[in-house]
Amino acid sequence: MHTVRHHLENNSAECTCKMYEREGIPCRHILWVMKEKGLKSLPAAYIKTRWTKAAMNMPMFDLGGNLIEDTTNMEAVKKKVGHLWSEIFTCVSMAENNEDCLDDFMKLIDGFKQSLLSRGNLQASGDKGKQMETLLDCPVPEEVTILDPNKSKNKGTQKRIKGKREQATEQHQKPLRLCRTCQQMATHDSRNCPDKVGY
């Protein structure tokens, strides 16, 4: 049993299970009470920034407390980059059937690339090695040795299922032994004797 205290003035609630305080997620008890009170949406106070897209807009810090990158404008930059890729793909799809247009487009791209390279201080964002070195504060090793993984049995490598005939043949080839229950020489013993009660 958990008790939920609902405050009407600001539509907040507290539950004795303390899930919201521990994990930042409203518990089912609070959600049930709010549903019973007729609330159509969760109050803004219960939506933590870390569970939303806005979490990416917060600045990121390394373990030393230094700002890694300014993430406040990342969403706007991502939108611009996405729009730019869309425009580039549109141009390529429009020119793909005309070799002259493709050559012209390639010359434009190469010219722009050369102008970017002449600026000198620009680098591709795909340089993950430098980003990792900055984050971990240690150089990335030049050579990495990776050992072969240990072989393990796959799910389908169990023993095959034997047919009735094969089971009977194997049973017939077993040496006879004395069953202590029925006192006969047979291929069974007292644990699986057919004369045993309830077998």
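The values are calculated or read from the model by the stated rules, or taken from the named source; none is laboratory data. Just so it is clear, the model here is predicted, and its values are computed rather than measured. As a convention, Cβ positions derive from the backbone with ideal geometry for all residues, glycine included, and neighbour counts pool all protein chains shown. With ligands, DNA and RNA removed, areas are computed over all heavy atoms of the protein, side chains included. Shrake-Rupley method; radii C 1.70, N 1.55, O 1.52, S 1.80 Å.
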A chain fully extended from residue 169 to residue 96 at 0.36 nm per residue, minus the present Cα-Cα distance, gains in nm 19.3 nm
If each K or R counts +1 and each D or E counts -1, the residues other than residue 179 whose Cβ falls under 10 Å of its Cβ total +2
Length gained if residue 14 through residue 106 is fully extended, taking 0.36 nm per residue and subtracting the Cα-Cα distance, is 26.9 nm
FRET efficiency (residue 88, residue 142; Cβ distance; R0 41 Å; to 0.05) is 0.75
Descending accessible area (1.4 Å probe), largest on the left, turns 93, 118 into 118, 93
When every protein chain stays in place and a 1.4 Å probe is rolled, 94, 185 sorted by accessible area with the largest first are 94, 185
A chain fully extended from residue 76 to residue 161 at 0.36 nm per residue, minus the present Cα-Cα distance, gains in nm 24.5 nm
Quick calc: nm separation of the 7 Å Cα→Cβ label points for residue 7 and residue 119 -> 5.0 nm
Here the net charge surrounding residue 107, from other residues whose Cβ is less than 13 Å away from its Cβ (Lys, Arg +1; Asp, Glu -1), is -4
One finds, for residue 196 and residue 35 with R0 = 41 angstrom and r their Cβ-Cβ distance, a FRET efficiency to the nearest 0.05 of 0.10
Between residue 12 and residues 5 or more places away or on another chain, the pairs with built amide H atoms under 5 Å apart involve 7
